[in-house]
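Since the structure comes first, as structure tokens, the remarks are kept for the end.
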Amino acid sequence: MGETAELRVDGKLLELPIIEGSEGERAIDIRKLRGQTGIVTFDPGYANTGACRSDITFIDGDKGILRYRGIPIEELAEKSNFLEVAHLVLFGRLPNREEFDNFTSSITRHTMIHEDFKRFFGALPKDAHPMAATSAAIGALSAFYSDSLDPRDQRHIEISVHRLIAKMITITAYAYKHSVGQPFMYPRNDLSYVGNFLHMMFGTPCEEFEVNPVIEKAMDLLLILHVDHEQNCSTSTVRLVGSSKVNLFAAISAGINALWGPSHGGANQEVIEMLAAIRDQGLSAKEFVERAKAGDPSARLMGFGHRIYKNFDPRMKIIKKACDEVLTQLGIHSKLLEIAKELEEIALKDDYFVDRKLYPNVDFYSGVIYNAIGTPSNMFTALFALGRLPGWIAQWLEMHQDEDFKIGRPRQVYTGPTRNPYVPLDKR
Ligand code: ACO
């Protein structure tokens, strides 16, 4: 037996194996704990719980390191593109030229959605949040493609993965088009994945849509930075829901809903709304930071803090730089960017944030870019979902291939009433 940890319970000494990851991360293997002692571990928020082994993403939150399949996020951001990174996380390696062309061509040729699917959007109110529309639409794919839903069938998996990545841009754009009452645009196969999305999102049938290369590159970068982030809330949701062996579309739809919350992906919308509120109420950045420190829940500094990063979020650094470049290239002066920089500067020097290791996260500047390229704030989280999709799928695939695969089923410590008699209705 390799290294072990000792645990004394009820006077009995237990030796628990320690497993080690490729980057030296160690975990006490407690799989036999309940069987041998009758007790379970207690870890609300799973902050100390490793739920799986994974080869996909490595994060060192103290050093601000993020790598997909070993490749640093900085290199991917500079040299790669979204579909290539999607291939990397999904299949474990960068594609060669032929693989890349085949993958891109297959994705491009699956972007159209069933004509009847448009009526599905028509049934939603105009003011439906795009995340509600997107999660419902992705869930509904399982109704439209019921011929290939078996997560144990390799051919079914392959076609579902391609359909999902391809149709996600169409569905996301249609969620927006529906909300503004504009006609849905058919995808165009001559455009890149991101160019096609921009065309379906911002184009109209009235005139030819020209993809702005600055916007296309910025959007591609943002998608790359969001591709995966190991066992975060939405990814764990995809794994947990998927562990029941439900189809891929249903598991991803659940992940989209998890992402929507303001403590997770929903924060990017909240950041821009916070910046706009500061601007519109004429508050100074300093005043707002003071409110956030006072624990006023309406004034939490959105886009600050992270469960894992306790030094800096490497994605934020890349986005901040891109934000400056994109706005300069587009000739946009943004008051919101000014406020964001001021908030960051004040907070990073303030003991409250320093002591709690609260740093700006991925959501802090991304919204400023989305805002500058004309995306309404309620679409921001849907764009996060678009970027995260390959990561969710990769984690779902990995889970199904895992020899330790088990349905997810945490335990609890029951604290409710002990045995209670049933009292008939007329005696209560
Ligand atoms: N503003 C003010 N105070 C904060 C903030 C913030 N943004 N974030 C954390 N704190 C404080 C908490 O009040 C707490 O203070 P206390 O110790 O005095 O009680 C302390 O810092 C620790 O915070 P927790 O909420 O316990 O940390 P946790 O790891 O559970 O939460 C989270 C992390 C949810 C991201 C949190 O920092 C937060 O709500 N941030 C704002 C929302 C946000 O930006 N979310 C996006 C995260 S990135 C992503 O999911 C893509």
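What the table shows:
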quantity	calculated
Where labels lie 7 Å past Cα in the beta-carbon direction, separation of residue 106 and residue 158 in nm	0.6
Probe 1.4 Å - accessible area at residue 158, Å² to nearest ten	100
The range 295-334 shape via C-alpha gyration tensor axes, a/c threshold 1.5	oblate
Separation between Cα centres of the range 34-50 and the range 396-415, rounded to whole Å	13
Most mobile listed residue (405, 202, 103) in the chain, GNM with C-alpha springs under 10 Å	405
Kirkwood-based shape ratio for the chain, expressed as Rg/Rh from alpha carbons	1.00
Label-point separation in nm, residue 39 to residue 325, each point 7 Å along Cα→Cβ	5.4
GNM flexibility winner over the chain from 63, 79, 126 (Cα, springs under 10 Å)	79
Residue 65 long-range amide H proximity, modeled H, under 5 Å	60
The range 27-93 - convex hull of alpha carbons, volume per residue in Å³	121
Listed residues 139, 408, 265, most fluctuating in the chain (Gaussian network, C-alpha, under 10 Å)	408
The range 198-256 and the range 280-300: distance between their alpha carbon centers, rounded to Å	32
For the range 309-428: accessible area per residue (Å², 1.4 Å)	53
Scattering curve values for the range 363-424, log₁₀ I(q)/I(0), Debye with Cα scatterers, q = 0.15, 0.20, 0.22, 0.28 Å⁻¹	-0.73, -0.86, -0.94, -1.14
Global geometry of the range 247-340, whether rounded, prolate or oblate, following the gyration tensor of its Cα atoms and the 1.5 cut on a/c	oblate
Estimated translational D of the range 1-136 in µm²/s (Stokes, Kirkwood radius over Cα pairs; 10 °C; 1.306 mPa s)	79
Prolate/oblate/rounded label for the range 144-285 (Cα gyration tensor, a/c 1.5)	oblate
Listed residues 224, 65 arranged by accessible area, highest first, probe 1.4 Å	65, 224
Largest to smallest accessible area among 373, 19 [probe 1.4 Å]	19, 373
Under 5 Å, built H, 5+ apart or other chain: amide partners of residue 304	361
Computed [θ] at 222 nm, helices only, for the chain once each DSSP H run of length n ≥ 4 contributes -39500 (n - 2.57)	-16000 deg cm²/dmol
Carbon + sulfur, % of accessible area of the chain - ligands and nucleic acids excluded, 1.4 Å	50
Gain upon complete extension [residue 150, residue 182; 0.36 nm per residue less C-alpha separation]	7.9 nm
Using a Förster distance of 45 Å, the FRET efficiency for residue 419-residue 352 (Cβ separation, nearest 0.05)	0.40
Computed E for residue 281/residue 206 - FRET, C-beta separation, R0 45 angstrom, nearest 0.05	0.75
Using θ = phi - 60° and Karplus 6.51 cos²θ - 1.76 cosθ + 1.60, couplings along the range 336-343 (whole Hz; Gly, Pro as x)	5, 5, 4, 5, 4, 5, 5, 4
Area of residue 178 that stays accessible when all protein chains are in place (1.4 Å probe, Å², to 10)	20
Binned Cα-Cα distances of the range 98-167, short to long, each 10 Å bin given as a whole percent	18, 44, 29, 8, 0
Order of exposure, largest accessible area first, which applies to 386, 191 with probe 1.4 Å	191, 386
Binned Cα-Cα distances of the range 307-428, short to long, each 10 Å bin given as a whole percent	10, 25, 22, 17, 13, 9, 4, 1
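The values are calculated or read from the model by the stated rules, or taken from the named source; none is laboratory data. In this text the structure is predicted, and so the values were computed from the model without any measurement. All Cβ positions, glycine included, derive from the backbone under ideal geometry; neighbour counts span all protein chains shown. Ligands, DNA and RNA are stripped out before the accessible areas are found, and what is left, the full protein with its side chains, is counted by its heavy atoms. Shrake-Rupley method; radii C 1.70, N 1.55, O 1.52, S 1.80 Å.
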